[in-house]
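The values are calculated or read from the model by the stated rules, or taken from the named source; none is laboratory data. All of these numbers come straight from a predicted model, not from anything done at the bench. Virtual Cβ from ideal backbone geometry, glycine too; neighbours counted across all protein chains shown. Accessible surface areas use protein heavy atoms only, side chains included; no ligands, DNA or RNA. Shrake-Rupley method; radii C 1.70, N 1.55, O 1.52, S 1.80 Å.
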Amino acid sequence: MTPAVKPIVVKVVVIAAFERGEDTGDAPGEFQLWVEREHLEQVFELPAGYRHVRMNKNGVLGMVTGVATAKAAASVMALGLDPRFDLSKAYWIVAGIGGGDPADVSLGSAVWAEHVIDGDLAFEIDARQIPGSWPTGYVPLRKGTPYEQPVRSELEGEVYTLNAALVRWAFQLTRGVTLADSDALRKARARFAGFPNAVRAPFVARGDTMSASTFWHGSKMEEWANEWTKYYTGGKGNYMVAAMEDSGTLQALTFLSRAGRVDLQRVLVLRTVSNYDREAPGTTPADSLKGMVFGNYSAYLPALEAAEIVGDKVVRDIVEHWGERAAVIPGVQ
């Protein structure tokens, strides 16, 4: 009888959404810097997921989920159920880019999420047909008007609340990290004069992310994102960054946690700002969006750098203190 092979203990899973071309040696997506700098040299095929996964000798595993919520959920579930890996004590770090709210963040900044809000689960009426008294055409499921109170007690994935103590710990650990700045970034930020946080040098913050498979853009949509976040967090949340995968990732991890495969209290979401989520003053949303159609974000490379540099500080701590981190989840009260 062939002896049973013990599953590989994974200490950290780093989740990227996309890669451009190869994993190494060409123009980077969200995955490449992690592969090269973490030496994720061992490749495991993952036929039930979007793409293969990679691992290093220190127990760090990296994966690419594919863009948007459906691919993210399916790929994370595929990894979570794979018997080759012991993920019971693993920490999960989403490390990706997104569109930032200039009221809160600047280009190249990094945000640790306290809540992930789903921007897809809703009723919707075309904006050209909404009643004049409505601020938006989006209406919560099972409700009849925008932001109708009370919020339903039984939600269906509209909001995911992360381990607040762990998020604060990650923020405290990384808040002093120096993020890349440049003349090009300063020029891009200057278009948002009148938004004090938008014109700051890149910095690390805590806030909330909006996850939706529709890549929305513009100041009116941004108003909705802020109010939608406040609605589902009881006024506690502050939307800062939009992305396209996180609610799918959190849904899969929630189910995997129920099954005892992962620990949902060990999940972190880090989003860095590659572009603003709205038009600059004096321009239109349509023209602003045109400039990003092919991924030509004004802070694309700095945001990739920020995700790896900030995320790596947390990864390094977990790996270097694994005996302690495996037994007790770090936290700041």
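Quick check: the distance between the Cα centres of segment 1-79 and segment 203-252, to the nearest angstrom? Distance between centres, Cα-based: 25 Å. Projecting label points 7 angstrom from Cα along Cα→Cβ for Glu324 and Lys187 puts them 4.6 nm apart. Note on surface exposure: Trp134, Trp112 rank Trp134, Trp112 by accessible area, highest first, 1.4 Å probe.
Rolling a 1.4 Å probe over the protein heavy atoms of segment 156-260, with every protein chain left in place, gives an accessible area that is 52 percent carbon and sulfur. Per-atom-type breakdown for segment 92-134 gives carbon and sulfur 49% of the accessible area (1.4 Å probe, protein chains only). What you get for segment 117-169, charging only the Cβ of Lys and Arg (+1) and of Asp and Glu (-1), is a dipole of about 180 debye around the Cα centre. The solvent-accessible area of His321, taken with every protein chain present and a 1.4 Å probe, is close to 80 Å².
The count of lysine pairs in the chain with alpha-carbon distances below 22 Å, taking only pairs 8 or more places apart or on different chains, stands at 15. Its relative contact order, with pairs defined as Cα atoms under 8 Å and 6+ residues apart, puts the chain at 26 percent. Taken about its Cα centre, the chain carries a charge dipole of roughly 520 debye when the Cβ of each Lys and Arg holds +1 and the Cβ of each Asp and Glu holds -1.
Its residues counted as N, segment 80-222 yields a C-alpha radius of gyration over 2.2 N^0.38 Å of 1.29. Rg to Rh for the chain: what is it, with Cα atoms only and Rh by Kirkwood? Value, to two decimals: 0.97. Rolling a 1.4 Å probe over the heavy atoms of the protein chains gives the chain an accessible area of 44 Å² per residue. Kindly provide the helix-only [θ] at 222 nm of the chain, computed as the sum of -39,500 (n - 2.57) over DSSP H runs of four or more divided by all residues, to the nearest 500 deg cm²/dmol? Helices in the chain give a 222 nm mean residue ellipticity of -9000 deg cm²/dmol.
Across the chain, the longest piece that holds none of the trypsin sites (Lys or Arg not before Pro) lying in DSSP loops with up to 11 other C-beta atoms within 10 Å covers 143-333. How fast does segment 1-149 diffuse by Stokes-Einstein, in µm²/s, taking the Kirkwood radius from C-alpha pairs at 37 °C and 0.692 mPa s? Rounded to a whole number, D works out at 180 µm²/s. The residue among Met63, His217, Gly80 whose Cα reaches farthest toward the positive pole of the charge dipole of the chain, with charges on the beta-carbon of Lys, Arg, Asp and Glu, is Gly80.
In vacuum, with every alpha carbon of segment 146-278 counted as one equal point scatterer, what does the Debye formula give for log10 I(q)/I(0) at q = 0.12, 0.18 Å⁻¹? Two decimals, please. Values, matching the q order: -0.57, -1.21. Computed with every protein chain present, the accessible area of Met77 is close to 50 Å² [probe 1.4 Å].
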